[in-house]
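Written out below as structure tokens is the structure these notes cover.
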Amino acid sequence: MKHNQSSEDYLECILLLSRETEFVHRVDVARKIGVSQPAVQKAIKILEANEYVEFDGLHIYLTRKGEEYAEKVYERHCIIKEFLLAHGVNAADANADACEMEHVLSDATFEMMKSYVKRSDKI
């Protein structure tokens, strides 16, 4: 599967919802992302075909592969957000910008931000 922002957003959303509740439903994903249930259904089919999720007709589950990938995306989001906050960006903008930047930053730039955040935590 070509990794793209939409797929990564769905995986990240499913990961976060699975931390909040035992079962993740299409309607939950639709509400959190702000899309229709048919859009979620289409995305789930793509994610399922690529073995990132399993869907039993009612509940959505991340596979191990999907969970690992979602964790990486979410880590990028968190690190970028912390980096922006450390540089004086307000919380709302830092979160919104991190949502966009997590998909496009090079690994080198992300690793620099990660190192900065880790060093800052020790100070």
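The values are calculated or read from the model by the stated rules, or taken from the named source; none is laboratory data. Please read all numbers here as calculations on a predicted model, not as lab measurements. Positions of Cβ are generated from backbone atoms using ideal geometry, with glycine treated the same way; all protein chains shown enter the neighbour counts. Only protein heavy atoms, including side chains, enter the accessible area calculation; ligands, DNA and RNA are left aside. Shrake-Rupley method; radii C 1.70, N 1.55, O 1.52, S 1.80 Å.
Residue pairs whose Cβ atoms lie under 6 Å apart, separated by 6 or more positions or on different chains, with the first residue in the stretch 32-46 and in contact (Cβ under 8 Å) with a residue 24 or more places away in the chain and the second open to solvent by less than 60 Å² (accessible area, probe 1.4 Å) and assigned to a helix (DSSP H, G or I), are I33/C13; V40/V29; V40/A30; A43/Y10. Among the residues of the stretch 33-48, are any more than 14 Å from S6 (Cβ to Cβ), of a type outside the set (D, E, K, R) and buried (at least 16 other Cβ atoms within 10 Å of the Cβ)? Scanning the stretch 33-48, I find no residue that is more than 14 Å from S6 (Cβ to Cβ), of a type outside the set (D, E, K, R) and buried (at least 16 other Cβ atoms within 10 Å of the Cβ), so the answer is no.
Any residue at all in the stretch 73-87 that's surrounded by fewer than 17 Cβ atoms within 10 Å (Cβ to Cβ), among the charged types (D, E, K, R) and touching a helix residue (DSSP H, G or I) at 6+ places or on another chain (Cβ under 8 Å)? Within the stretch 73-87, not a single residue is surrounded by fewer than 17 Cβ atoms within 10 Å (Cβ to Cβ), among the charged types (D, E, K, R) and touching a helix residue (DSSP H, G or I) at 6+ places or on another chain (Cβ under 8 Å).
Checked against (1) open to solvent by 60 Å² or more (accessible area, probe 1.4 Å); (2) closer than 23 Å to L105 by Cα; (3) not hydrophobic (A, V, I, L, M, F, W, C), G66 passes all but condition (1). For the stretch 67-85, taking the residues that are in contact (Cβ under 8 Å) with a residue 12 or more places away in the chain and among the charged types (D, E, K, R), the one that is farthest from R119 (Cα to Cα) is identified as E67.
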